[in-house]
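Shown next, in structure tokens, is the structure this report addresses.
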Amino acid sequence: MNIARDIVTDSETLGRCYVPTEYMDDEDEEVRILCHKKQPRSLGDKKLKKYSMRMIHLANKQQLESVDAIRCLPHNTRGSVLATTDIYRGLVSAIQSSPTYPTRASLSKWNKIVIGLYSLYIKSIQYVV
């Protein structure tokens, strides 16, 4: 989810773009804008959010296909992996609920704590073998 969240940050600070070029409307121009000019906002919020949502869709698909594999992890790591997964799911909600593409979507420290505790002590029960 970091890639979907950090399109602007990665471009502006590192001159990097992890958006798959097949998602882009004009690959050459958009790679130039993101990697060389480091001006991601010139693409517009609508396009940035569209690319982010496509990556989120792919991540959601991958997560649904792999979440049951948590059962195969050592017992003492399952809760932390689940908590991390759930915190990243919270980032998805922050991106999706934002009317524009956020510069860097985040969760409050309190939200992370609540999600983490719930995942570690309640939700992880379903992953006990």
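The values are calculated or read from the model by the stated rules, or taken from the named source; none is laboratory data. Because the structure is a prediction, the values reported are computed rather than measured. Note that we place each Cβ from the backbone using ideal geometry, even for glycine, and neighbour counts take in every protein chain shown. In case anyone asks, the SASA skips ligands and DNA or RNA and just uses the protein heavy atoms, side chains included. Shrake-Rupley method; radii C 1.70, N 1.55, O 1.52, S 1.80 Å.
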_Please verify whether V92 is assigned to a helix (DSSP H, G or I), open to solvent by less than 60 Å² (accessible area, probe 1.4 Å) and in contact (Cβ under 8 Å) with a residue 60 or more places away in the chain, treating the condition exactly as stated._
yes
*asked:* Just to verify a result, which residue in the stretch 1-13, among those that are assigned to a helix (DSSP H, G or I) and open to solvent by less than 50 Å² (accessible area, probe 1.4 Å), is nearest to N60 (Cα to Cα)?
replied: A4
*Of the residues that sit in the stretch 14-34 and are assigned to a helix (DSSP H, G or I) and within 22 Å of A59 (Cβ to Cβ), which one is nearest to the chain's Cα centre (by Cα)?*
Y23
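Give me the residue from the stretch 62-88 that is open to solvent by 90 Å² or more (accessible area, probe 1.4 Å) and under 20 Å from the mean Cα position of the chain (by Cα) and, out of that set, modelled with the highest pLDDT.
Of the stretch 62-88, the ones open to solvent by 90 Å² or more (accessible area, probe 1.4 Å) are 62, 64-65, 68, 71-72, 75-76.
Now drop any that are not under 20 Å from the mean Cα position of the chain (by Cα), which leaves 62, 64-65, 68.
On the way: Q62: 89, L64: 84, E65: 85, D68: 83.
The qualifying residue modelled with the highest pLDDT is Q62.
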*Select from the stretch 98-124 the residues that are open to solvent by 90 Å² or more (accessible area, probe 1.4 Å) and either modelled with pLDDT under 85 or under 30 Å from E12 (Cβ atoms) (or both) and list them in ascending order.*
P99, R104, K109, W110, K112, Y121, I122
_For a quick check of your reading of the model, give me the residue pairs whose first member lies in the stretch 104-124 and is within 17 Å of G79 (Cα to Cα), whose second is β-branched (V, I, T), with beta-carbon atoms closer than 6 Å and at least 6 apart or on different chains._
K112/I87; I115/I87
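Where residues in the stretch 97-129 are among the small types (G, A, S) and under 20 Å from the mean Cα position of the chain (by Cα), which of them is nearest to D45 (Cα to Cα)?
Step one: list which residues in the stretch 97-129 are among the small types (G, A, S), which gives 97-98, 105-106, 108, 116, 119, 124.
Remaining after also requiring under 20 Å from the mean Cα position of the chain (by Cα): 97-98, 105-106, 108, 116, 119.
Working: S97: 13, S98: 11, A105: 14, S106: 17, S108: 23, G116: 31, S119: 32 Å.
So the residue we want is S98.
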_So Y127 ticks every box in (1) of a type outside the set (A, V, I, L, M, F, W, C); (2) at pLDDT below 85; (3) open to solvent by 30 Å² or more (accessible area, probe 1.4 Å) but one. Which box is left unticked?_
(3)
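Here's the yes/no breakdown for (1) farther than 30 Å from Y127 by Cβ; (2) touching a residue at least 12 places away in the same chain (Cβ under 8 Å):
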position: G44; (1), (2): yes, no
position: K49; (1), (2): yes, yes
position: S52; (1), (2): no, yes
position: I56; (1), (2): no, yes
position: N60; (1), (2): no, yes
position: E65; (1), (2): no, no
position: G79; (1), (2): no, yes
position: D86; (1), (2): no, yes
position: S97; (1), (2): no, no
*When you scan the stretch 14-57, how many residues do you find that are farther than 18 Å from P102 by Cβ and open to solvent by less than 50 Å² (accessible area, probe 1.4 Å)?*
8
*Tell me, yes or no, whether the stretch 22-29 has at least one residue that is in contact with an Asp or Glu (Cβ under 6 Å, 6 or more places away or on another chain), more than 17 Å from S119 (Cβ to Cβ) and not basic (K, R).*
yes
